4 protein chains.
Amino acid sequence: MPHRAPGSPGHSRQQFLSGKPIKYYRPKGSNEIRHLIDEGFQAFNAGRLSEACQIFADKMLDSAADTTIGLTVAGAMTPAGLGGCVIEMMDRGLVDFIVSTGANLYHDLHYALNFTLHRGSPFLDDVELYEEGVIRIYDVLFPAAVLLETDAYIRDFLVRSGLNGPTSTSEFHYRLGQDLLDRHPGCEEYSVVARAALAGVPIYTSSPGDSSIGMNIAYHELMNDSRLMIDPNRDVNEVCAIVLAGTRNGCVILGGGSPKNFYLQAQPTLWEVYGIPKGGNDFFIQITTDQVVWGGLSGATPAEAVSWGKVNPGVLPDTVVAYCDSTIAFPLFCEYAIGSPNGKRARKELVLKRDQLVADLAREAKAAQNKKVEVKT
Amino acid sequence: MPHRAPGSPGHSRQQFLSGKPIKYYRPKGSNEIRHLIDEGFQAFNAGRLSEACQIFADKMLDSAADTTIGLTVAGAMTPAGLGGCVIEMMDRGLVDFIVSTGANLYHDLHYALNFTLHRGSPFLDDVELYEEGVIRIYDVLFPAAVLLETDAYIRDFLVRSGLNGPTSTSEFHYRLGQDLLDRHPGCEEYSVVARAALAGVPIYTSSPGDSSIGMNIAYHELMNDSRLMIDPNRDVNEVCAIVLAGTRNGCVILGGGSPKNFYLQAQPTLWEVYGIPKGGNDFFIQITTDQVVWGGLSGATPAEAVSWGKVNPGVLPDTVVAYCDSTIAFPLFCEYAIGSPNGKRARKELVLKRDQLVADLAREAKAAQNKKVEVKT
Amino acid sequence: MPHRAPGSPGHSRQQFLSGKPIKYYRPKGSNEIRHLIDEGFQAFNAGRLSEACQIFADKMLDSAADTTIGLTVAGAMTPAGLGGCVIEMMDRGLVDFIVSTGANLYHDLHYALNFTLHRGSPFLDDVELYEEGVIRIYDVLFPAAVLLETDAYIRDFLVRSGLNGPTSTSEFHYRLGQDLLDRHPGCEEYSVVARAALAGVPIYTSSPGDSSIGMNIAYHELMNDSRLMIDPNRDVNEVCAIVLAGTRNGCVILGGGSPKNFYLQAQPTLWEVYGIPKGGNDFFIQITTDQVVWGGLSGATPAEAVSWGKVNPGVLPDTVVAYCDSTIAFPLFCEYAIGSPNGKRARKELVLKRDQLVADLAREAKAAQNKKVEVKT
Amino acid sequence: MPHRAPGSPGHSRQQFLSGKPIKYYRPKGSNEIRHLIDEGFQAFNAGRLSEACQIFADKMLDSAADTTIGLTVAGAMTPAGLGGCVIEMMDRGLVDFIVSTGANLYHDLHYALNFTLHRGSPFLDDVELYEEGVIRIYDVLFPAAVLLETDAYIRDFLVRSGLNGPTSTSEFHYRLGQDLLDRHPGCEEYSVVARAALAGVPIYTSSPGDSSIGMNIAYHELMNDSRLMIDPNRDVNEVCAIVLAGTRNGCVILGGGSPKNFYLQAQPTLWEVYGIPKGGNDFFIQITTDQVVWGGLSGATPAEAVSWGKVNPGVLPDTVVAYCDSTIAFPLFCEYAIGSPNGKRARKELVLKRDQLVADLAREAKAAQNKKVEVKT
């Protein structure tokens, strides 16, 4: 009986890589998709996704609200081809800053450098893949050489950049994006890192050592005696300062993980550590498949965040969690937002304002400290 | 601090029921949605959903394949407004028979009888809801009177129909649908049960006592000395006979649960019980959020089904599970199918052919039995 | 490189079946396990499981409460070896009646008939399994002959029993259990169906056609012109009557699915259909991995059940859902209960009282109906 | 009708904090629990957990294997009271190094400083909690003052320690643990951080800015002009060096998240970045509730890790994922391991060997580089 079963032996590398190339899909604001979301997505998670779209498009993007919007990205979103959604959102000013796992940024570089990732299957024999030199991210496949050549680019960049000493991840990614724009003109159309540099959107990584980018910086220190290091303090203070400066604050959380926590902790950092009560987020949107009942932060609800001062206790109606794979829900969400009357905003270009905002934070924190001392005296 | 928190007290019944009425959304075959699914849904569950759409539209609906298609429905799909998708699919001949939980059919009657279900929230205080006489299905809300009046309709129908003695669920639902068409002309536009009667699509229920319909039939027996009873044997044999008669067989499984098992067991019934090897399903599509690792049938993969002879071992490439809430994935799936070149087929009108098909099954089963006896002798 | 990978080819049937036999583990009431649950299971689902154990052992089993306890079983619990827990609970009077999927009862017969199921792996190649005639339930493996021989036993029993005409599943399973006890003395130690017959515990199946038992009854009708059929009306009314007769009512729900709904609908059947307000369940324990956010009944919370009158609005503190695979949580739960001071109760032997209880239900329902008519007049 | 419903209003702070204090449960190696795991946990996730226990106790802990064992911890495990398991494992030499989220270490300090966390409920009104100054982690409750006083301790430690300039998280946590031991003698019985310092177990944090510890270090830089900063490069290289030095390598992964990736990336760092093929992990145990089908790293299987060279392609039989809340599965796992014949090993005290191991890594990496250059020339 002839068959092609999961795990059936005998695939060559070429066969593994015969799937359609993954491309960054760019949402254009489809009215038909908007109609489905408004009229057909009425209950359960379809209802939640519809609410999320409406809160984002109608309230968070409303120019009168002047919301500073953070996007957090966990899960292998760029390998799955979702970078185009992020590019479009940044270009239109709909996202002001990003907190991402390092892996999403590392794999984004493959697109920038014009390497190809392929659609595949999650049911392959990984020992065969290993022997054929094919790397698998769930159902995304590409040759191991893509890793090695991307690493080579990063290491060359590290040398070329002259970066030395402590730096924030936002600065690091900004410089990396500029290098990409410089050496691969036009790559802002298929690279989140490049587009972010162009659009002035700072990108933070909550776990800076935890990706091939971090691995290569560590190499640079060990092998080249470089003194470049990521200083998490700067990231913490920059994100705090951005949140403090927001007229209103809101987030779109894809997945959960440390990017979610890193974004949300800005509010407790303000009240708990710096003594500056900011009042919590005004809007909170999460697309996830994690569940509240497992007790972790990834699945924690906006309600739980209220007790921590992460979410404004007065705004629970403007918080929503849609339980869905982001690969399905996020493109729909972006189509809705982009097609809405508020589908374009002036870009905040926060990457250029970081120093000023941190200085503002320092000043306010010191004022709060002095006040506390006075009260005690 | 003013706020409207989950569980905050003080809602009146009118406030609970102030959400938009839920209506049966009817997919029209949007090209923009088809474009998103083909080009933007590339990996992870977006990739799986894209595969499911393509297998269904390009292969299962291909007239040369002549596939007999079963749709199984678990989870509260009609309360969530998905009945319109099912109506459209039946009307276009894209679904040949249905196995559903009784609850989906019972709640479908609310739409047929023109009662209103409302969009709501899953975060309400159920004690208040109880006190206000409001029923909640996750985030769908309606007055308890809707239950009572739907029950009254069913009990009147039971008396009126003259149904007595053992009957299959397909016969019961067919007669119910005809009654609806008769008394509520036009209701086939917003009732799955009515439309199924019109389109000749038999509807089975794997757990016939397990819904308000079953409860009212039980009442009819206890209180009216009726002898109407659902005979599961007829359902088992009819579904078996339909599957046996299929040139090719394929399914679309929403959720899982007993409808999934009831559909899938037809193949083992043929080989294991009746001695007629049919070879397993040729196509298998499931949209679910259950997981294989919990070990239950709802989450079991097409691969596991191969070992049981439920799925043809040669067709694993034509099987796919997309992990997603059906309220999101099924409307997208239907838009894709309806907009495809194969978006309309001749209806099989199986409801009219049941007796003939069961007779064929009996004949083949007896032939198989005789053959076995001969072999032994 | 030698390796034994998931899906690696070349297993013989004997190799597939080389895993340890699965046996029905019998909990004995371990004090060390009780200590862990009381002192070590403090938060998250460990906390929930601890609460469930304490509510069950301290409150539900308290003789003063006189709780009628229903156990519902979904998921392949007997193949996974959990029948011993159910046997022990029935023997000790800790469970008064059962609602189960048919599959659990069918696979229980393998143990009764002394066939062997083996521990295995979920990562095998199902096409190979199919070719070798090995059946897989997630990671449980056994030869296809086990199905065929169990079917043969059932068909012989159907002939031998003389059962004809409509019957409840409780009656059917009771007769089946008696047959097992009769022909396989001692099998009550390793068969739930046999032990239930001995202990007087009625077993219901919400989806009577939906298992190999149902398939064989359907065969009996088609091939032998038998008039035996399962009458779901009797099941609905018996469960209703049992619940109505309970001083207090409580449930232990494993998984969810149609058994959960079938148990829970007894209360709405009483108030909504029969006009007898019973007030809802007093205790509600569920062990599941399904999630509330998918909207289905399996994952629905006790709180949601309040709005339907399924759970007494005054008792939410005595309801708990522990999110865990039942194969882990249920043995722990049983150890706790059995080792508690309330680890043994007088058996209610409901199987013998069914007719009386249904007569009581009919009487009360008619009284309620007359009262309603009077009020209207 | 009196009731205490989820979200019912009117709780005072004292009522919220009336639950039993959460204490660090210390597993002692119960034979009864070992018996349950060996005999009662036979299939599904019980089977997986049993396999995990046996692989760990019989193979990983076998002195002949000389396995270097990393434990990764995500999810709020110390708030849920699981620190005692980790303390016991470190004390017995069963865990050689740890990668944890910062939150677990921060909340561990509450125990060290003798603050009380309480058992509670996940169904409270968070606006009320916020107003009463009570912090909620799912169902764990404590006064906000616990955060403020723990922060005060950290900030005092930062000043007192004299730490300045770049440091690894292992060094930071080691110094922190020594400070705790110094100022709170005996706290090693109820603090993971203190016990790790005593037992020589290095603790890494993959996301160093992402917790209240990171927030306070950032404060220290902004407000005190400190030059203390976490250098992720050191962490990456230390973990790499530890893995390189292992005769065999194995991990126990609780949850997933960035700690999982940080541990697993050590192998690709070796082959992909440093050119030193180490061959992948020899043992891989994960306890998680995340799922492979969501595509993220948290849910990725050992098989997928093979294609990346993270797991040795020859050892898939020695890899296992048990899907279960760690609050349930990890205490069971520890009881099993501790009660096994291999329940105690000589401690590796890696915290003292870090510099030497990193020097070894540098030497090997340079040798690999030179070899590569030679080959090219």
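All of the numbers you see were taken from the coordinates with simple rules; none came from a lab. All values reported here derive from a predicted model rather than from experimental measurement. Here the Cβ is made from the backbone with ideal geometry for all residues, glycine too, and neighbour counts use every protein chain on show.
Here is how the numbers come out for the structure above:
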| read-out | value |
| --- | --- |
| Teacher prompt: C:GLY279 distances to equivalent labels in other copies, 7 Å Cα→Cβ, nm | 4.8, 6.2, 6.9 |
| In order through the range A:203-208: 3J(HN,Hα) via Karplus (6.51 cos²θ - 1.76 cosθ + 1.60), integer Hz, x for Gly, Pro | 10, 10, 10, 6, 10, x |
| Shape category assigned to the range D:337-377 from the gyration tensor of Cα positions, a/c cut at 1.5 | oblate |
| Pairwise centroid distance, computed over Cα atoms, of the range C:184-249 with the range B:108-163, Å | 30 Å |
| Ordering of C:184-195, A:342-353, D:20-31 by packing [mean C-beta count within 10 Å, highest first] | C:184-195, D:20-31, A:342-353 |
| Partner chain coverage, peptide A:277-290 - average Cβ within 10 angstrom | 2 |
| Relative contact order, percent, the range D:247-351 [alpha-carbon distance under 8 Å, six or more residues apart] | 28 percent |
| 10 Å Cβ neighbours from other chains, averaged over peptide A:219-226 | 5 |
| Alpha-carbon centroids, the range A:301-377 and the range B:21-59: separation in whole Å | 33 Å |
| Cα gyration tensor, the range D:253-377 - rounded (a/c under 1.5), prolate or oblate | oblate |
| Cα gyration tensor, the range D:85-227 - rounded (a/c under 1.5), prolate or oblate | oblate |
| Residues with amide H under 5 Å from that of A:VAL311, placed H, sequence gap 5 or more | A:ASN281, A:VAL306 |
| Note, ³J(HN,Hα) from phi for the range C:300-311, Karplus 6.51, -1.76, 1.60, rounded to Hz, x at Gly and Pro | 5, 7, x, 4, 4, 5, 4, 5, 8, x, 7, 10 |
| Eligible lysines near C:LYS28 by straight Cα distance, threshold 20 Å, same-chain separation 8 or greater | C:LYS344 |
| Peptides B:57-68, D:137-148, C:328-339, B:104-115 ordered by average Cβ neighbours within 10 Å, highest first | C:328-339, B:104-115, D:137-148, B:57-68 |
| Average partner coverage of C:351-364, which counts Cβ from other chains inside 10 Å | 0 |
| D:MET229 long-range amide H proximity, modeled H, under 5 Å | D:GLY165, D:THR167 |
| Antiparallel DSSP beta bridges within chain A, as percent of all bridges there, nearest 5 | 20 percent |
| Of all DSSP beta bridges in the protein assembly as shown, antiparallel share, percent nearest 5 | 20 percent |
| Pair-distance profile P(r), taking every C-alpha pair of the range C:153-256, with 5 angstrom steps and integer % | 2, 11, 20, 22, 21, 13, 8, 2, 0, 0 |
| Pseudo-label separations to other copies for C:VAL375 - Cα-to-Cβ vector, 7 Å, nm | 5.9, 6.4, 8.7 |
| For the A-to-D rotation axis, chain A residue with nearest beta carbon and its distance in angstrom | A:SER207, 2 |
| Computed [θ] at 222 nm, helices only, for chain C once each DSSP H run of length n ≥ 4 contributes -39500 (n - 2.57) | -13000 deg cm²/dmol |
| Amide H partners (placed H, <5 Å) of B:ILE135, local residues excluded | B:PHE142, B:ALA144 |
| Per-q log10 I(q)/I(0), the range B:12-86, q = 0.11, 0.14, 0.23, 0.27 Å⁻¹ (Debye; single scatterer per alpha-carbon; no solvent) | -0.45, -0.68, -1.22, -1.22 |
| Equivalent ellipsoid semi-axes, the protein assembly as shown, via Cα gyration tensor eigenvalues times 5, rooted, Å | 51, 34, 34 |
| Dimensionless Rg over Rh [chain C; C-alpha; Kirkwood] | 0.99 |
| Ordering of D:12-18, C:251-257 by burial proxy (mean other Cβ atoms within 10 Å per residue, highest first) | C:251-257, D:12-18 |
| Computed FRET value (nearest 0.05) for D:LYS28 with D:ALA145, which takes r as the C-beta separation and R₀ as 30 Å | 0.35 |
| Note, ³J(HN,Hα) from phi for the range A:263-279, Karplus 6.51, -1.76, 1.60, rounded to Hz, x at Gly and Pro | 5, 5, 5, 4, 5, x, 4, 5, 7, 7, 9, 9, x, 10, x, 9, x |
| Nm distances between copies for D:THR247, ranked from closest, using label points 7 Å along Cα→Cβ | 6.4, 6.7, 6.7 |
